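> Below are the structure tokens for one structure; questions will follow.
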Amino acid sequence: MDVRQLPAANHQMLKFIVTGTFPAFMNSIRRIILGSVPTIAIDEVIMVENNTAMFDEYIAHRLGLIPLNSDIDDLNFMDACDVCDGVGCNSCTVTLTLTQETDQTSGAIIYSRELLGSDHRIYPVVDEVPIMKMDKDQRLILEAIARFGTGKEHAKWQPVGSIGYQYMPIISIRPGHTFTKDVADSCPRNVFEYDENNQSLNLRNLLDCNLCMECVHSSEEDSISVEGDSSQIIFMLESTGALPVENIVTTASDLLIDGLQSFIEGFQLALEKADNDPSSMRKISSFERIGIND
Amino acid sequence: MLIPVRCFSCGTVVADRFESFENRVKEGENPQIVLDNLGLFKYCCRRMLISQVNLIDIILPYSK
């Protein structure tokens, strides 16, 4: 398996080509990134005072969606915390506070940068998110409890915004065939370059092709063919900023290895059990036979 | 109401870019170019900013 990184639009995006793979494998990585790579997000909000125009729940929901820097490894999962048994303590939760008051003369906008964490390493990665707008003489005082979680529980813990993969486009143009400029213009991704002199098409940005087949439909039959090669996959993801984008992929790969490791152990245990006690296997097979007959 | 923190469809944080988008469009810039500059390339995120109406200003004085 060969992996090549491609240029991406910004540092929060990652794009790479994997050759010698298959879609199910890349999809398992995609799904682990979405569901199992842990990040930190605000999970509980204690409202001390709120006389702004919006309800407590609305503000709490907005707070939850703000990505917090999660690039630390010494905070426990709350469910698996051995210090407090899942109740919540300093080794599994972080408290952020927000205090804002407006006077009689002017209003204000509260931004995410005003959230102050009890641990200086945990802070909102985007400063400019408006949490609430306040009018004159209003007050918002709250304490927010953030913890590690995964996307399986709530989408706010997903480390990525958009994530996906596509097959490698294989475009073949019949040699010597003449094309009109319309064919080149029909491509929404500007994959082709039109050669006026020879009335021919040249490939310019092959990797931009999204297999839409527009060029095939707008040209003569069999003059262009577009296919996707499922053994070469272009994978792209966009981090929310909670984790560095490279770490997301490496963490997901580690989680996949761990999952397979524990599967192998469980499977071998089951095989040993079946050798020692054949009735344990027979129970399962007889159960299946009943299911089919029904 | 207030601009949603994230894009409804893909989950990218968009709220931080709304203020500069609004100001730059008010100054007469082309919204298409502003959105590209702000790094919003997908149409799901672009519609979040384009279709936003700040209704919060109307209900702002009605506090509890």
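> Would a scan of the stretch A:24-36 turn up a residue that is in contact with a Pro (Cβ under 7 Å, 6 or more places away or on another chain), at pLDDT 95 or above and not hydroxyl-bearing (Ser, Thr, Tyr)? Spell out how you get there, then give the answer.
First, the residues of the stretch A:24-36 that are in contact with a Pro (Cβ under 7 Å, 6 or more places away or on another chain): A:33.
Then keep just the ones that are at pLDDT 95 or above; that gives A:33.
Still in the running and not hydroxyl-bearing (Ser, Thr, Tyr): A:33.
Yes, the stretch A:24-36 contains at least one residue that is in contact with a Pro (Cβ under 7 Å, 6 or more places away or on another chain), at pLDDT 95 or above and not hydroxyl-bearing (Ser, Thr, Tyr).
> When the stretch A:146-158 is examined, which residues are found to be within 10 Å of chain B (Cβ to nearest Cβ) and outside any helix (DSSP H, G or I)?
Initial filter on the stretch A:146-158 (within 10 Å of chain B (Cβ to nearest Cβ)): A:151, A:155-156, A:158.
Matches in the stretch A:146-158: A:151, A:158.
> Return the only residue of A:9, A:53, A:24 being aliphatic (A, V, I, L, M) and assigned to a helix (DSSP H, G or I).
Values: A:9 fails: assigned to a helix (DSSP H, G or I); A:53 fails: assigned to a helix (DSSP H, G or I).
Sole residue among the options that is aliphatic (A, V, I, L, M) and assigned to a helix (DSSP H, G or I): A:24.
> Checking the structure you have, find out if any residue of the stretch A:162-184 is under 29 Å from the mean Cα position of the chain (by Cα) and farther than 26 Å from residue B:12 by Cβ. If you could, list the steps in order and put the result at the bottom.
Kept after step one, since they are under 29 Å from the mean Cα position of the chain (by Cα), are these residues of the stretch A:162-184: A:162-170.
Then drop every residue that is not farther than 26 Å from residue B:12 by Cβ, which leaves A:170.
So far as the stretch A:162-184 goes, yes, one or more of its residues are under 29 Å from the mean Cα position of the chain (by Cα) and farther than 26 Å from residue B:12 by Cβ.
> State which residue pairs qualify: first residue under 25 Å from residue B:12 (Cα atoms) and inside the stretch B:49-61, second residue modelled with pLDDT of 90 or more and aromatic (Phe, Trp, Tyr) in any location, beta carbons under 7 Å apart, and separation of 6 or more residues or different chains.
B:49/B:18; B:49/B:21; B:52/B:18
Yes/no per residue for (1) facing chain A (nearest Cβ under 8 Å); (2) among the hydroxyl-bearing types (Ser, Thr, Tyr):
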{"position": "B:17", "(1), (2)": "yes, no"}
{"position": "B:21", "(1), (2)": "no, no"}
{"position": "B:31", "(1), (2)": "no, no"}
{"position": "B:39", "(1), (2)": "yes, no"}
{"position": "B:43", "(1), (2)": "no, yes"}
{"position": "B:52", "(1), (2)": "no, no"}
{"position": "B:57", "(1), (2)": "yes, no"}
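> Could you list, in sequence order, the residues of the stretch A:221-237 that are in contact with a Lys or Arg (Cβ under 9 Å, 6 or more places away or on another chain) and of a type outside the set (Val, Ile, Thr)? It would help to see each step written out before you state the result.
Residues of the stretch A:221-237 that are in contact with a Lys or Arg (Cβ under 9 Å, 6 or more places away or on another chain), as a first pass: A:222-225, A:234-237.
Those that are in contact with a Lys or Arg (Cβ under 9 Å, 6 or more places away or on another chain) and of a type outside the set (Val, Ile, Thr): A:222, A:223, A:225, A:235, A:236, A:237.
> Scan the stretch A:43-66 and report the pairs whose first residue is hydroxyl-bearing (Ser, Thr, Tyr) and whose second residue is not in a strand (DSSP E or B), with Cβ atoms within less than 9 Å and a gap of 6+ or a chain change.
Going by the 9 Å Cβ cut-off, the qualifying pairs are A:52/A:59; A:52/A:135; A:52/A:138; A:52/B:60; A:52/B:63; A:52/B:64; A:58/B:1; A:58/B:2.
> Being of a type in the set (A, V, I, L, M) and within 14 Å of chain B (Cβ to nearest Cβ) is the filter; apply it to the stretch A:192-249 and report the residue that is farthest from residue A:167 (Cα to Cα). Can you show your working first?
Step one: of the stretch A:192-249, the residues of a type in the set (A, V, I, L, M) are A:201, A:203, A:206-207, A:211, A:213, A:216, A:224, A:226, A:233-234, A:236-237, A:242-243, A:245, A:248-249.
Then keep just the ones that are within 14 Å of chain B (Cβ to nearest Cβ); that gives A:236-237, A:242-243, A:245, A:248.
On the way: A:236: 12, A:237: 15, A:242: 28, A:243: 27, A:245: 21, A:248: 22 Å.
Within the stretch A:192-249, the match that is farthest from residue A:167 (Cα to Cα) is A:242.
> Next question, about the same structure. Could you check, for the stretch A:70-92, whether at least one of its residues is touching a Pro at 6+ places or on another chain (Cβ under 9 Å), surrounded by fewer than 18 Cβ atoms within 10 Å (Cβ to Cβ) and more than 13 Å from chain B (Cβ to nearest Cβ)? Before the answer, list the steps.
To start, the set of residues in the stretch A:70-92 that are touching a Pro at 6+ places or on another chain (Cβ under 9 Å) comprises A:70-71, A:77.
If we keep only those that are surrounded by fewer than 18 Cβ atoms within 10 Å (Cβ to Cβ) too, we end up with A:71, A:77.
Add one more test, that the residue is more than 13 Å from chain B (Cβ to nearest Cβ), and what stays is A:71, A:77.
Yes - at least one qualifying residue is present in the stretch A:70-92.
> Separate question: Can you tell me which residue within the stretch A:96-136, out of those that are within 13 Å of chain B (Cβ to nearest Cβ) and small (Gly, Ala, Ser), is surrounded by the fewest Cβ atoms within 10 Å (Cβ to Cβ)?
It comes out as A:106.
> Out of A:183, A:160, A:216, A:191, I need the residue that is free of Cβ contacts under 8 Å to residues at least 60 places away in the same chain, touching an Asp or Glu at 6+ places or on another chain (Cβ under 7 Å), surrounded by 14 or more Cβ atoms within 10 Å (Cβ to Cβ) and at negative phi. Which one? Break it down stepwise before answering.
On the way: A:183 fails: touching an Asp or Glu at 6+ places or on another chain (Cβ under 7 Å); A:160 fails: free of Cβ contacts under 8 Å to residues at least 60 places away in the same chain; A:216 fails: touching an Asp or Glu at 6+ places or on another chain (Cβ under 7 Å).
Exactly one of A:183, A:160, A:216, A:191 is free of Cβ contacts under 8 Å to residues at least 60 places away in the same chain, touching an Asp or Glu at 6+ places or on another chain (Cβ under 7 Å), surrounded by 14 or more Cβ atoms within 10 Å (Cβ to Cβ) and at negative phi, namely A:191.
The values are calculated or read from the model by the stated rules, or taken from the named source; none is laboratory data. Predicted model, so just to flag it, every value in this text is computed and none were measured. All Cβ positions, even for glycine, are placed from backbone atoms using ideal geometry, and neighbour counts span all protein chains on display.
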